[in-house]
Each structure stands twice: as C-alpha cells, then as structure tokens.
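The values are calculated or read from the model by the stated rules, or taken from the named source; none is laboratory data. Given the structure is predicted, the values throughout are model-derived calculations rather than measurements. FYI the Cβ positions are ideal-geometry reconstructions off the backbone, even for glycines, and counts take in every protein chain you see.
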Amino acid sequence: MLKKLFATALAAAALIATSASAQDYPSKPIKLIVPYGAGGGSDSLARAIQAAIEKYDLMPEPLVIVNVDAGGGVVGAREGKNAKPDGYTFLQAHNEIFPLALSGRLGFEVLDGLQPVAQTTTACNYLAVPASSQFQSFDEVTAFAKENPGDLKLADLIGGLSHYGLVAALKDQGVDIGIVQTGGTSARFASLKGGHTDLAVMSPGWIERGGDELRGLLWLGDDVPEYAGDMPTAKSAGLDIVGCLNRRYWAPKGTPQEAIDYFAGVLEKALDTPELKEFHAKSFANINFQTGDALMSGIQDEVEKFTAAAANVDLSGQ
C-alpha cells in the first residue's frame with residue numbers, strides 16, 4: 001500500500017513539474033534559422049514576424065533570427081535539423097527544401113529530420129529578364145533557346161524549386177536552358193544586373209523591389225494578379241509546374257508538441273496584426289496559415305509533384 005501511494009505521489013509530482021515546465025516555456029530566447037541571406041523574401045518575412053512579436057508582446061522572450069547564407073539553403077536546413085529538439089530552435093524554410101532533398105544536396109529526407117509547425121504565406125514566382133534584355137516575351141525566350149541550345153543562362157539554385165519546376169518542364173518540351181548556381185533571389189538579381197545571366201525566377205516582391213530594372217515574362221501561379229500586369233501564366237504556355245513558394249516553419253524532429261503548438265499560435269497571432277497584413281500586401285504574397293492535416297496534405301502533394309519532375313532534372317546544371 002505504501003509503495004502504491006509513493007508511486008502515485010511520484011507520478012503526481014512529475015505531472016506538476018511537466019505542467020510547470022510547459023507554463024514556463026519559453027524561458028529564454030527562441031532562435032529562428034533563416035537559411036538565406038539578409039534582404040531576400042524569406043529574411044524579410046522573418047523580420048516582419050519578429051517585429052510583430054516584439055511590438056505586441058506575443059512571447060515573453062525575444063525571437064532571434066540567425067541568417068545562414070550558405071549552400072542555397074542547405075546549410076541552414078541542416079542546422080535546423082541537427083538542433084536540440086527542445087523548442088528553442090525553429091527553421092523557416094519554404095517548399096524548395098523538398099527538391100533539395102530529392103537532389104541529394106540536403107543529405108536527409110525532410111520529414112525524417114524535421115516536423116512541420118505551420119505554413120504562413122504563399123507567394124507565386126515569376127520569370128524575369130533584365131530590362132535591357134532583347135527578350136520581350138516568353139515565346140521569344142523559348143524560340144531563341146531552341147535555336148541556340150544551352151546558350152541562355154538561368155540564375156538559379158541547382159536542385160531547387162524553380163530548377164525542378166521551370167527547367168524540368170522546359171526540357172520536357174525540348175527547350176535547353178543552362179543554369180548558373182547563384183542561390184536566393186537577392187543573388188539572382190545581382191547576377192542579372194551584372195550581366196552574368198539572362199533570366200531568373202524571382203519571388204513576387206521583386207516586381208516592386210526590382211522596379212524598372214526587371215521585366216516579367218511568365219507568371220508561375222494559376223491566376224495573374226493585377227500587380228503582375230499582363231504576364232501569361234505557365235499553364236497558358238503549356239507548363240504544368242510548381243511555381244509558388246509556400247513559406248513554412250519547422251522544428252527539429254522530436255520537439256515537444258506543446259512547443260510546436262505554442263510557436264504556431266504565436267505565428268498565427270503575428271500574421272493577424274495590421275503590420276503583417278500590410279507587409280504581405282506590399283510584398284505581393286498571401287497569408288495562408290495552415291497547421292495539422294491541411295498542412296501535411298499540401299506537403300505530400302508537393303513532394304509527389306517534385307518527385308515526378310525529377311526525371312527531367314540534370315543536376316549538372318546543363
């Protein structure tokens with residue numbers, strides 16, 4: 001009888017300790033890894049969320065952003081996967097992480113090393129050329145590429161989202177475009193501006209950010225929004241591709257569900273602030289918050305599409 005009472009007391013003490021620990025979370029700053037450099041779309045979103053958390057006191061501890069600008073997102077994603085799963089490190093990574101895994105560059109299967117926390121934003125990309133380019137339309141690009149195989153160079157991330165999407169689909173139609181490894185959109189813009197490459201897939205914020213230095217030729221989403229002008233869609237050009245960035249937050253595998261739910265709740269509150277609504281309107285992205293089954297369903301659909309495109313991807317960049 002005494003043993004049973006003692007065991008019950010220990011169990012109760014453990015429950016109280018666990019509850020107290022959960023109530024104390026977070027008791028120190030939470031680190032958010034952004035696997036790209038400052039100034040790009042991923043970094044801008046992270047810092048807008050960070051500012052909203054601070055302004056509206058959404059967490060008792062600050063969110064600390066750590067940019068890991070190496071390997072086109074690979075190094076930062078690995079750091080996120082290898083972090084201690086204690087609820088104090090999260091990773092912001094959009095769906096480019098899946099083709100990186102398929103290409104072997106990531107070094108691990110996404111869902112084996114990371115747990116999805118939430119999706120925050122959907123932003124559809126577009127194909128752009130420098131304003132000084134001879135190409136005025138996507139048809140002109142494909143016509144030139146067919147007559148001059150491999151001459152056109154796309155600033156991109158080899159094995160990334162646009163590589164698995166646009167380039168794979170073009171090769172399926174007999175259009176050969178080479179890839180110059182640059183990384184994120186800030187680096188792509190610099191490459192175009194410097195004349196090192198001919199075209200690049202850019203996130204929608206660059207319609208404004210790039211101003212009159214870029215010309216959009218092809219919208220990679222389903223419907224062309226008013227701010228994108230009269231660009232044709234990829235589907236109208238006969239290309240069935242994944243062309244939208246779904247920005248998501250991840251935790252190292254094994255992170256307590258309580259921490260995941262807490263941080264997802266903080267993100268949802270941040271997205272509902274006037275500042276984040278204005279940020280997304282200005283950056284031409286849509287708030288598309290998802291967790292749980294809806295989030296996992298979208299992830300599985302993307303993985304299937306990227307896997308199907310993999311047969312047309314040449315990881316040499318040629």
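Out of Val175, Val167, report the one residue that is within 28 Å of Gly107 (Cβ to Cβ) and either in contact (Cβ under 8 Å) with a residue 24 or more places away in the chain or in contact with a Cys (Cβ under 6 Å, 6 or more places away or on another chain) (or both).
Val167
I'm checking my understanding of the structure. Among residues of segment 179-200 that are hydroxyl-bearing (Ser, Thr, Tyr) and assigned to a loop (DSSP other than H, G, I, E, B), which one is modelled with the highest pLDDT? Explain how you work it out, then say what you get.
Pass one, segment 179-200, residues hydroxyl-bearing (Ser, Thr, Tyr): 182, 185-186, 191, 197.
Right, trim to assigned to a loop (DSSP other than H, G, I, E, B) and you get 182, 197.
Numbers: Thr182: 89, Thr197: 96.
So, considering only residues that are hydroxyl-bearing (Ser, Thr, Tyr) and assigned to a loop (DSSP other than H, G, I, E, B), the one modelled with the highest pLDDT is Thr197.
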Filter pass, Thr122 being in contact with a Cys (Cβ under 8 Å, 6 or more places away or on another chain) and either touching a residue at least 12 places away in the same chain (Cβ under 8 Å) or not small (Gly, Ala, Ser) (or both): yes
Conditions (1) closer than 19 Å to Gly165 by Cβ; (2) crowded, with 22+ Cβ neighbours inside 10 Å; number of the one not met by Val224: (2)
Residue in segment 54-63 that is surrounded by 23 or more Cβ atoms within 10 Å (Cβ to Cβ) and among the aromatic types (Phe, Trp, Tyr) present: no
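From the set of residues in segment 201-218 that are of a type in the set (Gly, Ala, Ser) and outside any helix (DSSP H, G or I), which is modelled with the highest pLDDT? It would help to see each step written out before you state the result.
Going residue by residue through segment 201-218, those that are of a type in the set (Gly, Ala, Ser) are 203, 205, 210-211, 216.
Keeping just the survivors that are outside any helix (DSSP H, G or I) gives 203, 205, 210, 216.
Working: Ser203: 85, Gly205: 82, Gly210: 91, Gly216: 95.
The qualifying residue modelled with the highest pLDDT is Gly216.
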Count - residues of segment 180-227 that are of a type in the set (Gly, Ala, Ser), over 20 Å from the mean Cα position of the chain (by Cα) and either closer than 22 Å to Thr142 by Cα or not assigned by TED's automatic domain parsing to the domain that holds Leu166 (or both): 3
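Only one of these is modelled with pLDDT of 90 or more, under 18 Å from the mean Cα position of the chain (by Cα) and closer than 15 Å to Tyr126 by Cα: Asn246, Asn288. Name it.
Values: Asn288 fails: closer than 15 Å to Tyr126 by Cα.
Of the residues listed, the single one that is modelled with pLDDT of 90 or more, under 18 Å from the mean Cα position of the chain (by Cα) and closer than 15 Å to Tyr126 by Cα is Asn246.
If you go through segment 219-231 one residue at a time, do you hit one that is of a type outside the set (Phe, Trp, Tyr) and part of a helix (DSSP H, G or I)? If you could, list the steps in order and put the result at the bottom.
So in segment 219-231, the residues of a type outside the set (Phe, Trp, Tyr) come out as 220-226, 228-231.
Now restrict to residues that are part of a helix (DSSP H, G or I): 226, 228.
Yes.
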Test: Thr255 is of a type in the set (S, T, N, Q) and in the same structural domain as Gln134 (by TED's automatic domain parsing): no
Count of residues meeting criterion [modelled with pLDDT of 90 or more and within 23 Å of Ala70 (Cα to Cα)] in segment 148-178: 3
